[in-house]
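A short worksheet on the structure shown next.
All of the numbers you see were taken from the coordinates with simple rules; none came from a lab. Predicted model, so just to flag it, every value in this text is computed and none were measured. In this analysis, Cβ positions are derived from the backbone assuming ideal geometry, glycine residues included, and neighbour counts consider all displayed protein chains.
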């Protein structure tokens, strides 16, 4: 695993394992959603890769928010 990118085997489409893996049910649901959005069949591996990308995107947003200098309670 590349510890800088978090990807395994140098394959950028291989899902990162952040405390587990995506369940079969979640992967199937993702296939259904992404198939409807893209108009073509999505493999389980593609769905896992898409879920991984979404997960990483939200981790990035959370990290940016956490590091934001103006973060604080506005109430």
Ordered by packing density, taken as the mean number of other Cβ atoms within 10 Å over each peptide's residues, highest first, how do 60-71, 23-34 rank? 23-34, 60-71
For the range 24-67, what is the per residue volume of the convex hull drawn over the alpha-carbon atoms, in cubic angstrom? 66 Å³
